[in-house]
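J.: I have a structure I would like to understand better, so I am pasting it below and will then ask my questions one at a time.
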Amino acid sequence: MTGPHALKPFLLAFPGPLRDRLVAAVLAGEKTATTGLLVEYEIENEDLPEAGERSALIDSDGREVAVVEITEVHVLPLRDADLRLALGEGEGYRSVAEWREGHERFWHSEEMREALGDPEFLVDDGTMLVVEWFRVVEAGQPAG
């Protein structure tokens, strides 16, 4: 799937069990949205994704397992996260509160705080999020 114009990597969480679960949910068609922190883009000096952009979904072993196309991008405060997003995340959340609890656990994790360079990082209602909606346009062959 890697051509002369290698696609930007589409990374969910950190390598490990959580990424494995999220990648499986994308490949199963259950996960069609992902939420990141705006501050991550600022720290990495990275441009925000745009609708129509394609990326390579990467598994925990660093392999490209699918090509995804961004369909929508929204920048919004945490307080505006809604049920459509909670369900679109494909992690079995049944409410915005459940979704928020799961994401806060991740955003407040040691790994995330280290990545942000802030050992006491906390989100609140006004924390700005980058929500990406996407679809799989090409799935790779399962490894085996």
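The values are calculated or read from the model by the stated rules, or taken from the named source; none is laboratory data. Worth saying up front: this structure is predicted, and the values here are computed from it rather than measured. Reconstructed Cβ throughout: ideal geometry from the backbone, glycine too, with neighbour counts over all protein chains shown. Just the protein is used for accessible areas: all its heavy atoms, side chains included, with ligands, DNA and RNA removed. Shrake-Rupley method; radii C 1.70, N 1.55, O 1.52, S 1.80 Å.
J.: Out of the residues in the stretch 58-90 that are touching a Gly at 6+ places or on another chain (Cβ under 9 Å) and of a type in the set (Asp, Glu), state the one that is farthest from residue 17 (Cα to Cα).
T.: 69
Residue by residue, here is whether (1) part of a helix (DSSP H, G or I); (2) loosely packed, with under 13 Cβ neighbours inside 10 Å holds:
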residue	(1), (2)
31	no, no
36	no, no
51	no, yes
62	no, yes
69	no, no
73	no, no
85	yes, no
91	no, no
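J.: Another question, if that's okay. Restricting the search to the stretch 5-29, which residues are open to solvent by 90 Å² or more (accessible area, probe 1.4 Å) and in contact (Cβ under 8 Å) with a residue 60 or more places away in the chain?
T.: Filtering the stretch 5-29 for residues open to solvent by 90 Å² or more (accessible area, probe 1.4 Å) gives 5, 11, 17, 21.
If the condition is that a residue be open to solvent by 90 Å² or more (accessible area, probe 1.4 Å) and in contact (Cβ under 8 Å) with a residue 60 or more places away in the chain, then 21 is the only one that fits.
J.: Being in contact with a helix residue (DSSP H, G or I) (Cβ under 7 Å, 6 or more places away or on another chain) and of a type in the set (Asp, Glu) is true for just one of 125, 118. Which residue is that? First the steps, then the outcome.
T.: Details: 118 fails: in contact with a helix residue (DSSP H, G or I) (Cβ under 7 Å, 6 or more places away or on another chain).
Unique residue meeting the criteria: 125.
J.: Let me ask something else about it. Please go through the stretch 107-120 and give me each residue that is farther than 18 Å from residue 42 by Cβ and surrounded by 15 or more Cβ atoms within 10 Å (Cβ to Cβ), ordered by number.
T.: If the condition is that a residue be farther than 18 Å from residue 42 by Cβ and surrounded by 15 or more Cβ atoms within 10 Å (Cβ to Cβ), then 109 is the only one that fits.
J.: Determine, yes or no, whether residue 6 is part of a helix (DSSP H, G or I) and out of contact with any Lys or Arg (no Cβ under 7 Å at 6 or more places or on another chain). Spell out the reasoning first.
T.: Numbers: part of a helix (DSSP H, G or I): no; out of contact with any Lys or Arg (no Cβ under 7 Å at 6 or more places or on another chain): yes.
So residue 6 does not fit the description; no.
J.: Which residues, taken from the stretch 38-49, are open to solvent by 30 Å² or more (accessible area, probe 1.4 Å) and not in a helix (DSSP H, G or I)? Let's see the steps before the verdict.
T.: So in the stretch 38-49, the residues open to solvent by 30 Å² or more (accessible area, probe 1.4 Å) come out as 38-48.
Of everything in the stretch 38-49, those that are open to solvent by 30 Å² or more (accessible area, probe 1.4 Å) and not in a helix (DSSP H, G or I) turn out to be 45, 46, 47, 48.
J.: Something else: Scan the stretch 102-138 for residues that are assigned to a strand (DSSP E or B), of a type in the set (D, E, K, R) and at pLDDT 95 or above and jot them down.
T.: Looking only at the stretch 102-138, we keep the residues that are assigned to a strand (DSSP E or B), and these are 128-138.
Imposing the further condition that a residue be of a type in the set (D, E, K, R) reduces the set to 132, 135, 138.
Scanning the stretch 102-138 gives 132, 135.
J.: Name every residue in the stretch 86-128 that is among the aromatic types (Phe, Trp, Tyr) and in contact with a Phe, Trp or Tyr (Cβ under 6 Å, 6 or more places away or on another chain), in order of residue number.
T.: Going residue by residue through the stretch 86-128, those that are among the aromatic types (Phe, Trp, Tyr) are 93, 99, 106-107, 121.
Across the stretch 86-128, the qualifying residues are 93, 99.
J.: Any idea which of 139, 51 is more than 15 Å from residue 33 (Cα to Cα) and in contact with a strand residue (DSSP E or B) (Cβ under 9 Å, 6 or more places away or on another chain)?
T.: Values: 51 fails: more than 15 Å from residue 33 (Cα to Cα).
That would be 139, the only listed residue that is more than 15 Å from residue 33 (Cα to Cα) and in contact with a strand residue (DSSP E or B) (Cβ under 9 Å, 6 or more places away or on another chain).
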